[in-house]
Structures are given as C-alpha cells and as structure tokens.
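Everything on this sheet refers to the single structure shown next.
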Amino acid sequence: MSAAADLRAAAAQRILIKDGAFGTLIQCARLAEADYRGDYTLAKDQKGNNDLLCLTRPDLIEGIVDSFAEAGADILATNSFNANRISQADYGAEELVREMNLAAARIVRKVADCRTVEDGKPRWVAGAIGPTNKTLSLSPRVDDPAFREVDFDTMKAVYREQVEALAEGGADFILIETIFDTLNAKAGILAVLEAEAALARPLPLMISMTLTDLSGRNLSGHTVEAFWASVRHARPVTIGLNCSFGAAQLRPHLAALSAQADTLVMAYPNAGLPNDLGEYDEAAAETAAQVAEWIDDGLVNIVGGCCGTTPAHIAAIAGAAAGKPPRKIPAGSTRTVLAGLEPMILAA
C-alpha cells in the first residue's frame, strides 16, 4: 500500500496524532548564534535560523522529533518551515536550502523508522513547507496595489526546490502549512504536482490554512469554505487548520470546514495566544480539553499542536483522542462550487 492509503486506513480506525512545535523546544534550548552557525561561513547573523539547525545541530532536532514520537505522534513533520530561498535570503543562506531539506527529512525518517521497528506502530513523515514571508495576492506598498515582491513562477520554483529535496530525503507527504495566502498555496500545489511528474512517484499532499482574524479568513480574505473550493482539485490527503488562535477560537471555523471536506481533516492549534513576552501559558491539560471538544463533536481525523505546544501537550492530546471515534468523511458535493472570497455554489 502507498503511504496515503496506509494513512487513510489507519485514520478510519482511530484519530491520529500529529506532533507539536519545533520552535517552542528550540527556544527552550537557549542557543547562541554560534550554535546556529556551526562551521558554516555566512555573512549574516544566524540566530533564529531554526532550519539551519538540521545541519549544525542535528542531534537537537533528532531529540525533538523523538520526544514527539515518544509522546504518541503518528505524523512527524520536518524542521523545514522556512527552508526555502525566499525566507533564507534573510540569513544569506539561500545556497544551503537543498541541503537543509535533505537533512530535515532524513532526520525525521530515521526517527520514524527506528520507532516503528521498536514497537511496530506505523509513523509517517510530513515534509513541512511554510508560506514564505512574501505574498502573491497583496501589495506591500499602500500607494501601489499592483506591485508584487515576487511572481507566481518564482514562488513555484522556490517551492519546487524544497519539495524535491524533502522527497529525496524520505518524506511520505508534502505538508503545505500555515497558509495565509491562497495563491501562495496554489503555487505550492503546482510545484508538488510538477515534482511528482518529474520524480515519477506519488507525493501526496497535506494542506493547512491559518486564520488571521476571528471572522475566519486568511490574509488574502478567503473563508475556510472558499479556501477549500480553491484547493480541492489537488485532492489532498488532509485539509485543515493550524496555528491561528487557540482551539476554542478555531472551533466554529473547523466545524464549517469539516462539514464540507470530503477528505481527512487535520487540525493543530496553538497553545492559546502568546503573552506579552511572546511565550505560551496554556497548559497541556487545557489545550487537550479544548481539542477533546472537537473530537466529541466529530470534527477531526488528525489532531496535534502548533506554536507553544510541547511533548506534554501532544501526550495530553493523544490521551484525549484515545479510544474516540474519528470524524466520518462526508460525501463530496456534486454541485459546482466557485471560490471568490466566499464560495459561490451553483444550484444546477
């Protein structure tokens, strides 16, 4: 069976668990700039370049991945959220992008395979791709709404480089996550489809949107229903929401998506909102209790954590999900659905 078929089969039996946040645990390590830089000669300060740690501190990244596996995670994501040429330009590390992604995938592949050998429980590697720090839909210049810092083909090429390296490193899925701009996501989807054809191997997609306000829209203005209409053609293995706000604030929007999506729904919220120091105070039990409400209402197939979540949060969420039935996937709509900022459904 393929990774996608295996995942779907497992998700039909139980609620699966995704891991938590790399950034939270990296921050706890209190690294100096030299820890990030390692032996590389780079002109810019590297402090905060978490993706580079796959090369300079693979022991730290492997330990984090293993701690989430120990906590009960079935799906382990790579530490590659900003491992793309656009984001790495801030650190002058663009030429290390391929190397970063290869290392990121190989680290997680190693942990997943070793854990499965130990206990026989299957685990999957999700090659994580972030949104970059550019937007295709919006102009950064208030006096020039037509201006764009990057074009679609450039964005697609940036994603393609990352996708191919993650696939070579052993990723089972490509996870396009924290999507604030739907057009960015479309560039990522096309990059995956092109890479899939070039590599002659399946690269099943996981797609996850982030909300930027409590009305339930992303930065490019799409509601969750319009977003699903925009990306459904890619036939993702999972669709869902991540980051955004805490689980309680995500619930109504997750419910709207869950009612429409004819695929698995994966949601992984922040541990509440950050405090004045940028840290997360929501305890593991509190996050798990909120996620348990999603589970009891039949909204999710896969749950995990985003910013502020630790192995303790993932263990608590796994405990809340244990023995609970997964969401039932609804039949797909046969009506034509067009996506503007909100969906337009044609009755005929």
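The values are calculated or read from the model by the stated rules, or taken from the named source; none is laboratory data. For clarity, every value in this text was computed on a predicted model and none was experimentally measured. Virtual Cβ from ideal backbone geometry, glycine too; neighbours counted across all protein chains shown. Calculation scope for accessible area: heavy atoms of the full protein, side chains included, ligands and nucleic acids excluded. Shrake-Rupley method; radii C 1.70, N 1.55, O 1.52, S 1.80 Å.
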Tell me, please, whether a residue that is among the acidic types (D, E) and open to solvent by 60 Å² or more (accessible area, probe 1.4 Å) can be found in the range 152-170.
yes
Single unsatisfied condition, L299 versus (1) open to solvent by less than 50 Å² (accessible area, probe 1.4 Å); (2) closer than 28 Å to A347 by Cα; (3) part of a loop (DSSP other than H, G, I, E, B); (4) in contact (Cβ under 8 Å) with a residue 60 or more places away in the chain
(4)
So which residues in the range 222-241 are crowded, with 20+ Cβ neighbours inside 10 Å and part of a loop (DSSP other than H, G, I, E, B), if there are any at all?
H222, P236, V237
Could you grab me the full set of residues in the range 1-44 that are free of Cβ contacts under 8 Å to residues at least 40 places away in the same chain, in a loop (DSSP other than H, G, I, E, B) and open to solvent by 30 Å² or more (accessible area, probe 1.4 Å)?
M1, A29, R30, A32, G38, D39, T41
Pairs, please: C-beta under 7 Å, at least 6 apart or cross-chain, first residue in contact (Cβ under 8 Å) with a residue 40 or more places away in the chain and in the range 247-263, second assigned to a helix (DSSP H, G or I) and open to solvent by 30 Å² or more (accessible area, probe 1.4 Å)?
A247/Q290; A248/Q290; R251/E293; A256/E225; Q260/E225
Read through the list (1) within 29 Å of H222 (Cβ to Cβ); (2) assigned to a helix (DSSP H, G or I), then give the number of the only condition that D262 fails.
(2)
For the range 45-80, enumerate the residues that are assigned to a loop (DSSP other than H, G, I, E, B) and either open to solvent by 10 Å² or more (accessible area, probe 1.4 Å) or within 19 Å of V97 (Cα to Cα) (or both).
D45, Q46, K47, G48, N49, R57, G72, T78, N79, S80
Enumerate the pairs (first residue in the range 211-223 and in contact (Cβ under 8 Å) with a residue 12 or more places away in the chain; second residue anywhere and basic (K, R)) with beta-carbon separation below 8 Å, excluding pairs fewer than 6 apart on the same chain, so at least 6 apart or on different chains.
L211/R217; T223/R217
Being open to solvent by 40 Å² or more (accessible area, probe 1.4 Å), in a loop (DSSP other than H, G, I, E, B) and polar (S, T, N, Q), is that true of even one residue in the range 333-343?
yes
Just for the range 138-182: of the residues that are of a type in the set (S, T, N, Q) and within 19 Å of the chain's Cα centre (by Cα), which one is farthest from S220 (Cα to Cα)?
Q162
Qualifying residues in the range 195-221 (those that are over 16 Å from D172 (Cβ atoms), open to solvent by less than 60 Å² (accessible area, probe 1.4 Å) and in contact with a helix residue (DSSP H, G or I) (Cβ under 8 Å, 6 or more places away or on another chain)) - the one modelled with the lowest pLDDT:
G216
Could you tell me whether the range 131-147 includes any residue that is buried (at least 21 other Cβ atoms within 10 Å of the Cβ) and out of contact with any Leu (no Cβ under 8 Å at 6 or more places or on another chain)?
yes
With the structure loaded, tell me whether E161 is in a loop (DSSP other than H, G, I, E, B) and touching a Lys or Arg at 6+ places or on another chain (Cβ under 8 Å) or whether it fails that test.
no
Could you give every pair whose Cβ atoms fall below 8 Å, whose first residue belongs to the range 142-158 and is over 15 Å from G188 (Cβ atoms), and whose second residue is surrounded by 11 or more Cβ atoms within 10 Å (Cβ to Cβ) and hydrophobic (A, V, I, L, M, F, W, C), counting only separations of at least 6 or pairs across chains?
R148/L136
Would you confirm whether any residue within the range 273-285 is part of a helix (DSSP H, G or I), open to solvent by less than 30 Å² (accessible area, probe 1.4 Å) and farther than 25 Å from L341 by Cβ?
yes
Which one of these does N84 not meet: (1) closer than 29 Å to K121 by Cβ; (2) in contact with a strand residue (DSSP E or B) (Cβ under 9 Å, 6 or more places away or on another chain)?
(1)
Within the range 88-107, is even one residue outside any helix (DSSP H, G or I), closer than 21 Å to E168 by Cα, open to solvent by 10 Å² or more (accessible area, probe 1.4 Å) and among the basic types (K, R)?
no
